[in-house]
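**Q** Pasting a structure below so you can have a look.
Only the coordinates and a few stated rules stand behind these numbers; no lab work does. Worth saying up front: this structure is predicted, and the values here are computed from it rather than measured. Positions of Cβ are generated from backbone atoms using ideal geometry, with glycine treated the same way; all protein chains shown enter the neighbour counts.
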Amino acid sequence: MIMLYFLLLPLIAVFIAPLLTPKRATYLSSAAFIIPFFSILYCIFKGNGCPSEIHIMNFSAPIGEIYLNFDFISHAFGLTICAVSAMVALFALPYMKHRFEEMKRNVKSEFRKYIFLYDLYAVSMLWLVYSGNLILLYIFLELTLITAFLLIYSYGYGNRKWVGLLYLIWCAVAGVLTLAGFIIIALDPLNNTLALKGITTVGMLAWAFIFVGMLIELPVLGPHVWLPWAHAEAPTPVSALLSPLTVGLAGYVLLRIALIDYSFITTYRMPILAYAIFSSIYAGFSVFTQTDFKRLLAYSTVSQMGYILVALCLGPFGLIGLVIQYMSHAFGKSILFSSAGGIIAVHHGLRDINKMGGLHDSIPTISNAAVVGFLNLGGILTIGMLGEFFILRGVVDTFGVNTMSLAIILPVIFMFMLSVWYGFYTIRKVFYGKPKDTKRLEISRYFYVPLFIIGILSVLLLFPPLSTALIPGLKAVIWTFMGVGGVMP
Amino acid sequence: MELAMAMMLGALAILTLGSIFSFKYRQFGFYAAIVALVIGLAACPGRSLYYGVFIFAIGIINLVSLNAIKSEIKGVDYGLVGLMALATMYIINTSDLAMVLAALVLVSVPTYILVMIREGGANVEVGIKYITFMVFATVLFLIGAIILAYTKSLPDAGLLYVLGYVMLVLGLSLEVGVAPLHEWVPDVFTSADPIPISIIASLAKIVPFIAALWILIYTANSLTASITIFTAVLAAISMFTGNIGALTSKEHARVLAYSTVANMGYVLTCIVVVPVVVVIEQGLVVIKPEFIYLALAGGLLLLFANAAGKIGFFNAIKGEGAYSPLMYMLAFSFIGVPPLMGFWGKLFILLSLVEVGYIWLVALLVINSAISIPYYVRLASELGIGWKANLTNFICLAVVVITLITVVPPDWFLRGMEVLAQTISIVI
């Protein structure tokens, strides 16, 4: 029950923070996510000692029991959401003040609205991953959509209203398709419920609806048209949640459905895998053609979401890879979007990477943080390394070691290498090379300290005791759902 | 039941007295209407209490909103709205066809007068147009209902049943503004004063649907399932016509008019569901209440959400804007964002449609929900202003509270409708 109270904290902060001054509101919001972060960490270490679910209410069929689900998968996602939301909240304090001044608005009153929406946005994601009923999950999915839309619509850049609507319409279509899939699940006589623990089968039609909906939400190549606009034109703290946390939640939904019934993936494994790899590589190459730093990061997100889809196809090991990939991408991309925000704030709206170069000389702290961000994306010395390991293990486990599996392994390895490639390309282009301005600038600590904290966490998660507590827990859950017998490796 | 009937008659008497005395003391009509609604609510049995509370709330807000307009029949207008609300409360509890049709007329006729209300005179031109359509609609509905009731006594209804069904559905469509019979809606909504239109677009929409549902369930036979495709096509046309019309309109009242056309299309899908779930078992007509209650709950929640939204937006038009967050909340409820009321309405309707195999209609409803997003957001954005402590904002706040009630997942409403659906099936 104590976990419920911890999850209620950020929800309470949603309503209290707008009553405070910007600084206090920021500290409260950040603390409201840090406390559940430590409680989740405690549960990860304690393992089975923590409750696995909390009952909320019983709804008539076919909706069924509404409860909170506290397994290791939810904890892994929850931990990431808490860490990133808490740190980005701190980063946003000077950034949003700067943005409100730029928009010639009253800082104090706008901050109240902003912090309310920000907290509601982050808390919706947190509750989404603990939802034990698909209808509850859908409610929080839509809440994240609406709050993000309002933030883009109110405080974004460029043609923010158009971009906001673009985002809203695409994601609403994704949401309703997913809802249609949920409804079909609910009305299956074998289920007659939307409670995760009560669902025994997911028909092909339901899977198809959910899959297409979540492909738009992820997104992969094709339905990705909304993403570069939304991520580039959103106010940077929103980009720093939207790209790292929100889009990957589509992967979470697919994972939950796959754990119930993996037949759709088994049936269509090869076309999905081919599409996912192509999407990731294509988007990875698209990164090189971008001149707007935030847009570049957005294309990197499309590429990284290809990893998630690849991982989904690769059996139990791939599913572990999916969870870890979500975490590593979230840590990396939140650092990178915040770095982009730092550059925008310090260098008066600078986003064109052709006008950047040598920024390490003027803002070394942000530059160093960005390097850690790209290490996460590239899977170098951070938790991303484990993600890539499990994805490769999934390829071997699914296809064996033979000539056929090489046809999968090589493109997957190339996909990983491409992230490292565009990562170092961007670092060189933005932070190194011939400096345009060598003057070292004084910048607020809020612009880099939260980034380093996320970076340190991403490194710590690679090593024991964190990795040795988290990964066996994830295995236990996934192995149980997938019906994998024998000793857990 | 007799006590409830006596209470309703008492409420009607109070309304009448209030309207008479309001010629001398104008506020009399207002207080009399409130007292009548309280009595009406007290007369609601337990199974329809939640429904009664919603109608009570919508009725009271409609009454209060009338204070925003200086009409020449001040006092009587309260009585007319009170009468509509009482009839709406009553219809869900009656099992008598004559009373169902009487309730329909009692809700329809007051709107003929209300639509003409405007400051400093009467809007006769709009009134004539509206009344012409409404009289035609009511006549179609009544004849359709009577034909359907008559077919119940026939061993082989055949073509007569189809004729009755089509007339009833066309009458309903004309009455509430379902496309392609929506001709009057954009013109009347844009020409009349926003306050009476907020009542016509909210309270007046509920009874025709309940009456149609009741009659169709009551008269259902083996032909029903094959003819529902007619209603399904009408619903689909209405959704698209409404949403495309709203997307391409600029005037706020016109956008809301087309939004009504689209919303009535959504609600019409309930009519598609209910008769389909009538099945023949061992020669007997059996109603499957597990499907009906979903459709009934969905349809009613959608009608309440539509009522709340229309009251809020039309009052905002009258007051030249309302508090921005309130406008957005209403827009999101219309779009169907959870956990607002519009979402639950659509969800329950979708569930019932999937149950009866109308997957293509589910897909169209979902697509239409998505394409409605831009105009609702635009409406909220253009009508949204800063906070002022005025009547418009208090009304908008009240209707937003209504849409927020479903933050508590409305299983309570669903269970109420389940009991009600069982009662209907027992009666039949």
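**Q** Would you mind checking A:97/B:388; A:23/A:104; A:161/B:250 for any pair whose Cα atoms are more than 24 angstrom apart?
**A** The answer is A:97/B:388.
**Q** Something else now. So what are the ³J(HN,Hα) numbers for the range B:333-349, from phi and the Karplus equation (6.51, -1.76, 1.60; θ = phi - 60°), rounded to whole Hz, Gly and Pro as x?
**A** Karplus values, whole Hz, x for Gly and Pro: 5, 4, 5, x, 7, x, x, 5, 4, x, 5, 5, x, 5, 4, 5, 5.
**Q** Going by amide H atoms built from the backbone, whose H comes under 5 Å of the H on residue A:56, apart from near neighbours?
**A** A:66, A:67, A:68
**Q** Skipping prolines and chain starts, which residues have an amide H placed within reach, meaning under 5 Å, of the one on residue B:123, given they are 5 or more residues away or on another chain?
**A** B:117, B:118
**Q** Indicate, rounded to the nearest 5 percent, the antiparallel portion of the DSSP beta bridges found entirely in the range B:2-427.
**A** If we restrict to bridges inside the range B:2-427, about 75 percent are antiparallel.
**Q** Show log10 I(q)/I(0) for chain A at q = 0.07, 0.08, 0.11 Å⁻¹, two decimals, from a solvent-free Debye sum over equal Cα scatterers.
**A** Log10 I(q)/I(0), no solvent term: -0.33, -0.43, -0.84.
**Q** Among the Cys residues of the protein assembly as shown, which have no other cysteine Cβ under 4.7 angstrom away?
**A** Singleton cysteines: A:82, A:171, A:313, B:44, B:270, B:396.
**Q** Moving on to the next point. Using the number of other C-beta atoms within 10 angstrom as an exposure proxy, rank B:94, A:403 with the fewest first. If you can, show how the numbers build up before the last one.
**A** Working: B:94 18, A:403 6.
Arranged by neighbour count, lowest to highest, B:94, A:403 become A:403, B:94.
**Q** Quick one: plug the Kirkwood hydrodynamic radius of the protein assembly as shown (C-alpha pairs) into Stokes-Einstein at 10 °C, 1.306 mPa s, and report D in µm²/s.
**A** The Stokes-Einstein estimate is 55 µm²/s.
**Q** Got a sec? How would A:224, B:252 order by Cβ neighbour count within 10 Å, fewest to most? Let's see the in-between values first.
**A** Numbers: A:224 23, B:252 19.
Ranking A:224, B:252 by Cβ neighbours within 10 Å, fewest first, gives B:252, A:224.
**Q** Where in the range A:95-159 are there trypsin sites (Lys or Arg not before Pro) that are in a DSSP coil and have at most 16 other Cβ atoms within 10 angstrom of their Cβ?
**A** Listed in order of number, the matching sites are A:104, A:105.
**Q** Count the net charge of all other residues whose Cβ sits under 12 Å from the Cβ of residue A:56, scoring Lys and Arg as +1 and Asp and Glu as -1. List each step's numbers first, then the result.
**A** Details: positive: none; negative: A:53, A:65, B:411.
So the surrounding residues net to -3.
**Q** May I pose another question? What are the GluC sites (Glu not before Pro) within the range B:49-137 that DSSP puts in a loop, where the Cβ has at most 12 other Cβ atoms within 10 Å?
**A** Filter output for the range B:49-137: B:119.
**Q** List, in order, the whole-Hz ³J(HN,Hα) value for each residue of the range B:311-324 obtained from phi through the Karplus relation with A = 6.51, B = -1.76, C = 1.60 and θ = phi - 60°; use x for Gly and Pro.
**A** Along the range B:311-324, the couplings run 4, x, 5, 5, 5, 5, 5, 4, x, 6, x, 9, 4, 3 Hz.
**Q** Distance from the Cα centre of the range A:244-283 to that of the range B:137-151, in angstrom?
**A** With the range A:244-283 and the range B:137-151 each reduced to a Cα centre, they are spaced 54 Å.
**Q** What 222 nm value per residue comes from the helices of chain B, counting each DSSP H run with n ≥ 4 as -39,500 (n - 2.57) and dividing by all residues, nearest 500 deg cm²/dmol?
**A** -25500 deg cm²/dmol
**Q** Of B:345, B:357, B:18, which has the largest mean-square fluctuation in a 10 Å C-alpha GNM of chain B?
**A** Comparing B:345, B:357, B:18 in the GNM, the peak value goes to B:357.
**Q** Something else: Starting from the Cα gyration tensor of the range B:2-427, multiply each eigenvalue by 5, take the square root, and state the resulting semi-axes largest first in whole Å.
**A** One finds semi-axes of 31, 25, 20 Å for the range B:2-427.
**Q** Still on this structure, I have one more. Could you tell me the convex hull volume per residue, in Å³, taken over the Cα atoms of the range A:340-475?
**A** It is 121 Å³ per residue.
**Q** Let me know the longest stretch in chain B that avoids all trypsin sites (Lys or Arg not before Pro) found in a DSSP loop with at most 16 other C-beta atoms within 10 Å.
**A** It works out to B:251-387.
**Q** Moving to a separate point now. Measuring from label point to label point, each 7 Å out along Cα→Cβ, what is the residue A:403 to residue B:26 span in nm?
**A** 9.4 nm
**Q** If you don't mind, another one. If I take every Cα pair under 8 Å that is 6 or more residues apart in the range A:2-482, average their sequence separation and divide by the length, what percent do I get for the relative contact order?
**A** After rounding, I find 15 percent.
**Q** What is the Cα coordinate range of the range A:148-242 on the first, second and third principal axes, sorted by size from largest, in whole angstrom?
**A** 50, 24, 18
**Q** Ok, one more. How would you rank B:108, A:339, going from fewest to most other Cβ atoms within 10 Å of each one's own Cβ? Show your work: numbers first, answer last.
**A** Values: B:108 21, A:339 32.
Ranked by crowding around the Cβ, least crowded first: B:108, A:339.
**Q** Show me, for the range B:4-10, the HN-Hα J-couplings you get by feeding each phi into the Karplus relation (A = 6.51, B = -1.76, C = 1.60, θ = phi - 60°), rounded to Hz, glycine and proline as x.
**A** So the J values, rounded to whole Hz, are 4, 5, 5, 5, 4, 5, x.
**Q** How many angstrom lie between the C-alpha centres of the range A:459-475 and the range B:2-20?
**A** So the two Cα centres are separated by 72 Å.
**Q** Something else now. Net charge near residue A:18: determine it from the other residues with C-beta under 10 Å of the C-beta of residue A:18, scoring Lys and Arg +1 and Asp and Glu -1. Present the calculation step by step, with values, prior to reporting the outcome.
**A** On the way: positive: A:112, A:113; negative: A:119.
Counting the neighbours of residue A:18, the net charge comes to +1.
**Q** Further question: Find the centroid of the Cα atoms in the range A:12-80 and in the range B:301-362, then give the distance between the two in whole Å.
**A** Taking the Cα centre of the range B:301-362 as reference, the centre of the range A:12-80 is 29 Å away.
**Q** Taking K and R as +1 and D and E as -1, what net charge do the other residues with C-beta under 15 Å from the C-beta of residue A:226 add up to?
**A** Local net charge: +2.
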